[in-house]
Amino acid sequence: MHRLQFILILILLFADAIPSRAEVISEIDASLILLSGYTKYQIGGDCTVNNNSGSFRFPISELEFPLDSEYLSVKGAIEFANLLRIEGSLNKNLSADTGKMKDSDWGYLYYGCHSELPQTSSDSLDIYSESNAELDATIWDINIGCKIVNKPKFSMLIALGFLQQYFDFTVSDLDQWYPSYFSYFGNTNAGKKYGVYPYHLYQHGRVLEYNVTYNIPYLKFNFGFKPVKKLVVSSDLGLSPFVSAKDYDNHILTDKISKGDCTGMFLKTNIDIKYFFTKYLYAGNRVDYLYIYSEGKQKQTGPGYSVKIEQEISSSQLGLSIYAGLHF
């Protein structure tokens, strides 16, 4: 409901800028996007376990989920009187296999066994694993803007928009090992009593389910250049201090559910090169970069315990697009 209200407010804010008998121009295109990047969360810092408070290093744990995939994007735009522009897009990933999810835990032996193992360190990477990640992603974006400069060779537009990214992961086939083992226990089996091993542990099948939703209202600046008649070069800068990031983690093997609620910032920029083959047909390339950072709290529940701990959720995404479309 809040997202719908935001979109309606955008339309009302710019409605008065449309002349009653305005020229209308429309565009629709389809893109193939090669996306590389990650979404990850980290936990640590101040912590409450069953109403008992404590503090850990940050991060004590990090889970990084790969976004590397091919995406199909459909985008539409409508422009009134060469002044007011409304754009919308929808992206879906084409391949589910995105690579390896990486899970890192620091200080496991220090916080759990320091009295027996005084040589351990909170900065020691004690547990590390990689697992196969499958992704179902949906990304949609809408923005409404007004051209404040409109020259034959240069234009500038300011827009308000809303972006939502939803990433849903299924993680399977765990490969876990213990990087600090030999520095603490040498070539012995002494670490087994503390829950660490001198070899890899494997678990086939589904081990974890994770999803994260980024909701981002933003301000966008667009700069357009026309160095020659049929060529348009443009660049966007999108900013927001109002990111909402919510995630859900089901650790199937340990029967633990974690839910995070964070707020933060967003930055996006791109470079777009578009060439008009005819008055109606165009094609182009675009490079996009996006970064999201947020912080807040994570709540964990499991058999006989509950935890509240500091959390950061972030994402870095680099995309290369090729597209073709119609202008009419």
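Each reported figure results from applying straightforward, stated rules to the coordinates on display, with no laboratory input. All of these numbers come straight from a predicted model, not from anything done at the bench. Heads up, the Cβs are rebuilt from the backbone with ideal geometry, glycines too, and the neighbour counts pull from every protein chain shown.
Of the residues ASN211, TRP177, SER121, the one whose Cα sits farthest toward the positive end of the charge dipole of the chain, with +1 on the Cβ of Lys and Arg and -1 on the Cβ of Asp and Glu, is ASN211.
Once the Cα atoms are used to define both axes, helix 2-15 deviates from the longest principal axis of the chain by about 20 degrees. Every helix of 4 or more DSSP H residues in the chain counts as -39500 (n - 2.57), and over all residues that averages to -2000 deg cm²/dmol at 222 nm. Residue exposure proxy: ARG206, ARG286, ARG57, ordered by other Cβ atoms within 10 angstrom of their Cβ from fewest to most, comes out as ARG57, ARG206, ARG286.
Our Cα-only numbers for segment 70-222 put the radius of gyration and Dmax at 24.9, 77 Å. With bins 10 Å wide starting at 0, give me the P(r) of segment 182-242 over every alpha carbon pair, in whole percents. Per 10 Å bin, starting at zero, the Cα-Cα P(r) for segment 182-242 comes out as 14, 18, 14, 13, 16, 16, 8, 1 percent.
Relative contact order (percent) for the chain, with alpha-carbon contacts under 8 angstrom and 6 or more residues of separation? Spell out each step's value before the answer.
Working: 936 pairs, mean separation 56.6, N = 328.
This gives 17 percent for the chain.
Ordered by the count of other Cβ atoms within 10 Å of each Cβ, fewest first, THR278, THR269 give THR278, THR269.
For segment 227-328, what's the relative contact order in percent, using C-alpha pairs closer than 8 Å and at least 6 residues apart?
Value for segment 227-328: 27 percent.
Summing charges over neighbours of TRP177, with a neighbour being any other residue whose Cβ is under 13 Å away from its Cβ, gives -4 when K and R count +1 and D and E count -1. Potential lengthening of the chain between ASP168 and LEU94 amounts to 25.3 nm, from the contour at 0.36 nm per residue minus the alpha-carbon distance. Here the residues VAL243, VAL287, ranked from fewest to most Cβ neighbours within 10 Å of their Cβ, fall in the order VAL287, VAL243.
Provide the FRET efficiency to the nearest 0.05 for the PHE242-THR188 pair, computing r from the beta carbons and using R0 = 45 Å. It would help to have the intermediate numbers written out before the result.
Details: r = 53 Å, r/R0 = 1.19.
E between PHE242 and THR188, to the nearest 0.05, is 0.25.
Quarter the surface of the alpha carbon convex hull of segment 21-124 and you get the mean projected area, 12.1 square nanometres.
Charge tally around PHE225: other residues with Cβ under 12 Å, Lys/Arg +1 each, Asp/Glu -1 each, net +3. Taking label points 7 Å from Cα along the Cα-to-Cβ direction, LYS256 and ALA81 give a separation of 5.9 nm. What translational diffusion coefficient, in µm²/s and rounded to a whole number, does the Stokes-Einstein relation yield for segment 258-323 at 4 °C and a viscosity of 1.567 mPa s, taking the hydrodynamic radius as the Kirkwood radius over Cα pairs? After rounding, the answer is 85 µm²/s.
Note on the chain: semi-axes of the ellipsoid equivalent to its C-alpha gyration tensor, largest first and rounded to whole Å, are 48, 21, 16. Taking the average, over residues, of other Cβ atoms within 10 Å as the packing measure, peptides 295-307, 132-144 rank 132-144, 295-307 from highest down. Using a cut-off of 29 Å between alpha-carbon atoms, which lysines can reach LYS226, once sequence neighbours fewer than 8 places away in the same chain are excluded? Within the straight-line cut-off, LYS226 pairs with LYS75, LYS147, LYS151, LYS153, LYS268, LYS274, LYS279.
Compared with the direct C-alpha span, the chain from ALA324 to TRP140 gains 64.3 nm at full extension, assuming 0.36 nm per residue.
Using 0.36 nm per residue, how much length does the chain from GLU70 to TYR275 gain when fully extended, once their Cα-Cα distance is taken away?
Details: separation 205, 0.36 × 205 = 73.80 nm, distance 2.31 nm.
Taking GLU70 through TYR275 to full extension adds about 71.5 nm, to one decimal.
If I take R0 = 25 Å and measure r between the Cβ atoms of LYS308 and SER122 in this structure, what FRET efficiency does the formula 1/(1 + (r/R0)^6) give, to the nearest 0.05? Before the final figure, lay out the partial values.
Details: r = 20 Å, r/R0 = 0.80.
It comes out at approximately 0.80.
Semi-axes of the equivalent ellipsoid of segment 60-104 are 37, 15, 5 Å, computed as sqrt(5λ) over the eigenvalues of the C-alpha gyration tensor in descending order.
The reciprocal of the average 1/r between distinct C-alpha atoms defines the Kirkwood hydrodynamic radius, which for segment 212-324 equals 16.9 Å.
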